[in-house]
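Novice: Below you'll find the structure I mean.
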Amino acid sequence: MCAFKKYFAEFLGTLVLVVFACGAAIVTGCGTEAGGIAAYLTTALAFGLVIVAMAYSIGNISGCHINPAVSIAMLISGKMSFKDFIGYIIAQFAGAIAGAAILGLIFGWGCGFGANALVSASTPGIAIGKSIAVEVMLTAVFVYAILGVTSKPEFSKVAGLVIGMSLTLVHILGIGLTGTSVNPARSFGPALFAGGDALCNVWVFIVAPLVGGILAAIVHRILSGKKEEK
């Protein structure tokens, strides 16, 4: 497979994720008093459905990572080269930035862009600590599900559905806490245009998901190794 095609697929997939999923958060007023539980669930479902759609459209081209946390897990698991890892990361961040720019053109540059925010806490330090813990946990669960369902060829037909439902699941819990990142690119693009606290704190939503992806890869390797020894 031509490397450019894979990278362009990752760019396009991440762009679609930001436009449709973060766009759904904007349209429904997710995270605002007017939004309510319906907005939470709709936004969570939007993220999951985008992954399902992209998995079955670009999955055969790039594997449909559209998430640096997934890519770093695949790198650690030996399922991609370092060269492709760098290419994927660049494409994913570029796609997220382009997607956020499209949101700005559609909804206006003060729309919030579906950017993530720290967990509410009495002090900034506690807020950062809680947010990191939440994002590491959510990302580890999500990425572990991906590693598990893509580990056997017989799961290939349902992999997209499982991954999409897993992303919906972590969003249902995480939206009320951090807005749910589990994806450094998805967080960076919107934060870049939202500015303010979203941009100042975006490092949390870059570092924590990457740590979660690494932990998922390590745990999966340990458990898979034990299973093979039996």
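Novice: Only one of these conditions is not met by Thr178: (1) part of a helix (DSSP H, G or I); (2) over 24 Å from Ile76 (Cα atoms); (3) more than 12 Å from the chain's Cα centre (by Cα); (4) not charged (D, E, K, R). Which number is it?
Specialist: (1)
A quick yes/no check of all residues on (1) in a helix (DSSP H, G or I); (2) on the phi < 0 side of the Ramachandran plot; (3) over 15 Å from the mean Cα position of the chain (by Cα):
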{"position": "Ala115", "(1), (2), (3)": "no, yes, no"}
{"position": "Leu118", "(1), (2), (3)": "no, yes, yes"}
{"position": "Ser122", "(1), (2), (3)": "no, yes, yes"}
{"position": "Ile126", "(1), (2), (3)": "yes, yes, yes"}
{"position": "Lys130", "(1), (2), (3)": "yes, yes, yes"}
{"position": "Val141", "(1), (2), (3)": "yes, yes, no"}
{"position": "Ala145", "(1), (2), (3)": "yes, yes, no"}
{"position": "Ser151", "(1), (2), (3)": "no, yes, yes"}
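Novice: Given the conditions (1) closer than 29 Å to Gly225 by Cβ; (2) surrounded by 20 or more Cβ atoms within 10 Å (Cβ to Cβ), and given that Phe113 satisfies all but one, which numbered condition is not satisfied?
Specialist: Only one criterion in (1) closer than 29 Å to Gly225 by Cβ; (2) surrounded by 20 or more Cβ atoms within 10 Å (Cβ to Cβ) is unmet by Phe113, namely (1).
Novice: In this structure, does Val52 turn out to be in contact (Cβ under 8 Å) with a residue 12 or more places away in the chain, crowded, with 17+ Cβ neighbours inside 10 Å and in a helix (DSSP H, G or I)?
Specialist: Yes; evaluated as a whole, the condition is true for this residue.
Novice: In addition: Looking at Ala145, Ala208, Ala159, can you tell me which residue is touching a Gly at 6+ places or on another chain (Cβ under 8 Å), under 26 Å from Gly99 (Cβ atoms) and among the small types (Gly, Ala, Ser)?
Specialist: Working: Ala145 fails: touching a Gly at 6+ places or on another chain (Cβ under 8 Å); Ala208 fails: touching a Gly at 6+ places or on another chain (Cβ under 8 Å).
The match here is Ala159.
Novice: Then there is this: Restricting attention to the stretch 67-77, does a residue exist that is among the hydroxyl-bearing types (Ser, Thr, Tyr), within 14 Å of the chain's Cα centre (by Cα), under 21 Å from Val207 (Cβ atoms) and modelled with pLDDT of 95 or more? Lay out the reasoning, then the answer.
Specialist: To start, the set of residues in the stretch 67-77 that are among the hydroxyl-bearing types (Ser, Thr, Tyr) comprises 71, 77.
Pick out the ones that are also within 14 Å of the chain's Cα centre (by Cα) and you get 71.
If we keep only those that are under 21 Å from Val207 (Cβ atoms) as well, we get 71.
Remaining after also requiring modelled with pLDDT of 95 or more: 71.
Yes, the conditions are met somewhere in the stretch 67-77.
Novice: Would you confirm whether or not the stretch 62-74 contains a residue that is surrounded by fewer than 21 Cβ atoms within 10 Å (Cβ to Cβ) and either assigned to a loop (DSSP other than H, G, I, E, B) or of a type outside the set (Asp, Glu) (or both)?
Specialist: Scanning the stretch 62-74, I find no residue that is surrounded by fewer than 21 Cβ atoms within 10 Å (Cβ to Cβ) and either assigned to a loop (DSSP other than H, G, I, E, B) or of a type outside the set (Asp, Glu) (or both), so the answer is no.
The values are calculated or read from the model by the stated rules, or taken from the named source; none is laboratory data. A quick note: this is a predicted structure, and the numbers were derived from the prediction, not measured. Note: ideal-geometry Cβ built from the backbone for every residue, glycine included; neighbour counts use all protein chains shown.
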